[in-house]
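Participant: Structure provided below as structure tokens; questions to follow.
The values are calculated or read from the model by the stated rules, or taken from the named source; none is laboratory data. Just so it is clear, the model here is predicted, and its values are computed rather than measured. Positions of Cβ are generated from backbone atoms using ideal geometry, with glycine treated the same way; all protein chains shown enter the neighbour counts. These accessible areas exclude ligands, DNA and RNA; they are computed on the full protein's heavy atoms, side chains included. Shrake-Rupley method; radii C 1.70, N 1.55, O 1.52, S 1.80 Å.
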Amino acid sequence: MRKLSALLLSTLLALLGLAPGAQAAENGEWAVYPAAAELGGRPYFYLSADPGTTLTDRVTVANKTAAPLTFRLYGADAYNTDRDGGFAVRTRSERQTGAGAWIKPERTRITVPPRSAVTVPYTLTVPADADPGDHPGALVALDERIARGGKGSVAVGVQRAVGARVYLRVNGPTVPALAVEDVSLDQDRPLVPGTRTSSALVSYTLHNRGNITLNPKVVLKAEGLFGRTLLDRDLAKVPAELLPRQKIRLTERWTGSPQLDWGDVTLTATAKDVKETGTVSFLAVPWLAAAILAVGGAAGLYGLRIRRRRALST
């Protein structure tokens, strides 16, 4: 068969430096950062504005390669990824509704000479009816080159991008609100108790219901019969930043979960000025023992009915 060639245009948004105080966002070939005296002097844009006002600032794109590079500059809304809750931004083709729609670079297409940098002014106009609170986004430099990626019969074209984060707060009442939702427990126990280690997968949704960015911490605690503590753990796989109105589905593996017990699993999420919990109950019974009990119970009931019929017939 002839090899099928197709072009799938996708965007890889490489927003590096997840922690506050990190250096400028870059991918080794180019960097994007707020205009400053030196690279990384302002790793992010931290902005504050009233509704109906316009801010002005400048963004710098630095080319670290030996050839000129041409970029498309645009503003983008930020969100938490489904995979791990990481900070990500919308692509150029997606609809922007927050900071991404309010950011207007003076030039939307720039060519940066080799080992040089270009600084572009931009405005950020906050609508008069903008909701108060945080509106995170980014100023993104999208490489116009389309690199070949992927293997097999379909050729995939990949465009890469790097963005400088924009942390915008619209002045007004701030409402921190956090929820732990849809907690579930999926148990994996051996058929015969003691033949192998059991485990359980705890799943839950972490939901920022407020209008400001939260830095959540989550503690997982399991209690068995009579209040015995079976597990008490600070969870590591929690996003460093949970953006406003975002929710993510997370999981945590509990190795060595009980094979015979009855209790509760509780997730406690905390952030500045908020604390919420979510709980799910569990019953751990060995499958073989449960089956024997079920068969024995059914046989006992059947025998009782037979005796009653015989007693009535006599």
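Participant: Can you find a residue that is assigned to a strand (DSSP E or B), within 18 Å of residue 160 (Cβ to Cβ) and open to solvent by 40 Å² or more (accessible area, probe 1.4 Å) anywhere in the stretch 97-107?
Facilitator: no
Participant: Is it the case that the stretch 272-283 has a residue that's among the hydrophobic types (A, V, I, L, M, F, W, C), open to solvent by less than 50 Å² (accessible area, probe 1.4 Å) and within 30 Å of residue 78 (Cα to Cα)?
Facilitator: Within the stretch 272-283, one or more residues are among the hydrophobic types (A, V, I, L, M, F, W, C), open to solvent by less than 50 Å² (accessible area, probe 1.4 Å) and within 30 Å of residue 78 (Cα to Cα).
Participant: Can you spot a residue in the stretch 100-123 that is of a type outside the set (A, V, I, L, M, F, W, C), within 30 Å of residue 216 (Cβ to Cβ) and under 23 Å from the mean Cα position of the chain (by Cα)?
Facilitator: Scanning the stretch 100-123 turns up at least one residue that is of a type outside the set (A, V, I, L, M, F, W, C), within 30 Å of residue 216 (Cβ to Cβ) and under 23 Å from the mean Cα position of the chain (by Cα).
Participant: Any residue in the stretch 73-87 that's within 13 Å of residue 243 (Cα to Cα): show its pairings with residues that are open to solvent by 10 Å² or more (accessible area, probe 1.4 Å) and polar (S, T, N, Q) at Cβ separation under 7 Å, as long as the two are six or more apart or on different chains.
Facilitator: Listed by first residue and then by second, the contacts come to 77/96; 77/97; 79/246; 80/246.
Participant: Just to be sure I understand the filter: pairs with C-beta atoms under 6 Å, separated by 6 or more residues or on different chains, first member in the stretch 159-183 and assigned to a loop (DSSP other than H, G, I, E, B), second member open to solvent by 30 Å² or more (accessible area, probe 1.4 Å). Which pairs pass?
Facilitator: Sorted first by the residue in the stretch 159-183, then by its partner, the pairs are 171/50; 172/132; 173/132; 176/273; 177/209.
Participant: Any idea which residue in the stretch 253-269 is nearest to residue 216 (Cα to Cα), counting only those that are open to solvent by 30 Å² or more (accessible area, probe 1.4 Å) and free of Cβ contacts under 8 Å to residues at least 60 places away in the same chain?
Facilitator: 266
Participant: Among the residues of the stretch 189-205, is there at least one that is surrounded by 14 or more Cβ atoms within 10 Å (Cβ to Cβ) and either under 14 Å from residue 133 (Cα atoms) or of a type in the set (Asp, Glu) (or both)?
Facilitator: no
Participant: Quick one: in the stretch 209-250, of everything that is out of contact with any Asp or Glu (no Cβ under 8 Å at 6 or more places or on another chain) and assigned to a helix (DSSP H, G or I), which residue is nearest to residue 182 (Cα to Cα)?
Facilitator: Among them, the one singled out is 227.
Participant: In the stretch 145-171, which residues are open to solvent by 50 Å² or more (accessible area, probe 1.4 Å), at pLDDT 80 or above and of a type in the set (D, E, K, R)?
Facilitator: Selection gives 145, 160, 169.
Participant: Is it the case, given these coordinates, that residue 257 is modelled with pLDDT under 95, under 15 Å from residue 284 (Cβ atoms), in contact with a Lys or Arg (Cβ under 6 Å, 6 or more places away or on another chain) and among the small types (Gly, Ala, Ser)?
Facilitator: No.
Participant: Another question, then. Would you kindly identify the strands (runs of 3 or more DSSP E) lying entirely within the stretch 1-65 that contain at least 2 residues that are modelled with pLDDT under 95, surrounded by fewer than 16 Cβ atoms within 10 Å (Cβ to Cβ) and not basic (Lys, Arg)?
Facilitator: By residue number, 9-13.
Participant: Yes or no: the stretch 131-152 includes at least one residue that is farther than 24 Å from residue 62 by Cα, in a strand (DSSP E or B) and without any contact (Cβ under 8 Å) to a residue 40 or more places away in the chain.
Facilitator: Checked the stretch 131-152: at least one residue is farther than 24 Å from residue 62 by Cα, in a strand (DSSP E or B) and without any contact (Cβ under 8 Å) to a residue 40 or more places away in the chain.
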